[in-house]
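To start, the structure itself, in structure tokens.
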Amino acid sequence: MIDRPTMNIDGEEWTRIARSPEVSERQGFRVELDIEHDLALFRVDGIARAVTNVCPHKRAACLYDGVIERGTVTCPMHAWQFDVVTGANLAGGGGLRTYDVREIEGGVWVRSSDIA
Ligand code: FES
């Protein structure tokens, strides 16, 4: 596993998982931390967002590669759509796990306990 920088924010440890320029409005960015934590990062209205990269339909790890449109991502496999901010499945049913994100000092950070 890559050694990632950590910092204390409000009494909790956060881990940097990406650099800010890696997360764009146009394309998702995959951060595969380990088998349990495979994340897709997106930027919506300037704010970095993180959800699981694994689609609940067929467990395909491909959401980072989906089409981004108005805050949603469309799975490239069978076109299920998800709200990137809330993780909601737009057709109903199982949604995506979301992760709290902070963007500080040119980096994108998630709570270390969320990826442990
Ligand atoms: S695997 Fe995502 S819609 Fe089927």
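The values are calculated or read from the model by the stated rules, or taken from the named source; none is laboratory data. Everything quoted here is computed from the prediction, not taken from an experiment. For neighbour counting, all protein chains shown are included, and Cβ atoms are generated from backbone atoms with ideal geometry for every residue, glycine included. Each accessible area value is taken on the protein alone, full model and side chains, heavy atoms only, with ligands, DNA and RNA left out. Shrake-Rupley method; radii C 1.70, N 1.55, O 1.52, S 1.80 Å.
Would you mind stating whether residue 74 is free of Cβ contacts under 8 Å to residues at least 24 places away in the same chain, open to solvent by 20 Å² or more (accessible area, probe 1.4 Å), within 16 Å of the ligand (Cβ to nearest atom) and among the polar types (S, T, N, Q)?
Answer is yes for this residue.
Could you grab me the full set of residues in segment 86-115 that are assigned to a loop (DSSP other than H, G, I, E, B), modelled with pLDDT of 95 or more and open to solvent by 60 Å² or more (accessible area, probe 1.4 Å)?
86, 90, 97, 100
Does residue 104 count as within 16 Å of the ligand (Cβ to nearest atom) and either of a type in the set (A, V, I, L, M, F, W, C) or at positive phi (or both)?
Numbers: within 16 Å of the ligand (Cβ to nearest atom): no; either of a type in the set (A, V, I, L, M, F, W, C) or at positive phi (or both): yes.
When the stated conditions are applied, residue 104 does not pass them.
Taking segment 1-46 as the search range and keeping residues that are surrounded by 10 or more Cβ atoms within 10 Å (Cβ to Cβ) and of a type in the set (Lys, Arg), which one is farthest from residue 66 (Cα to Cα)?
Filtering segment 1-46 for residues that are surrounded by 10 or more Cβ atoms within 10 Å (Cβ to Cβ) and of a type in the set (Lys, Arg), the one farthest from residue 66 (Cα to Cα) comes out as 4.
Which of the residues spanning segment 59-71 are of a type in the set (D, E, K, R) and more than 8 Å from the ligand (Cβ to nearest atom)?
65, 69, 70
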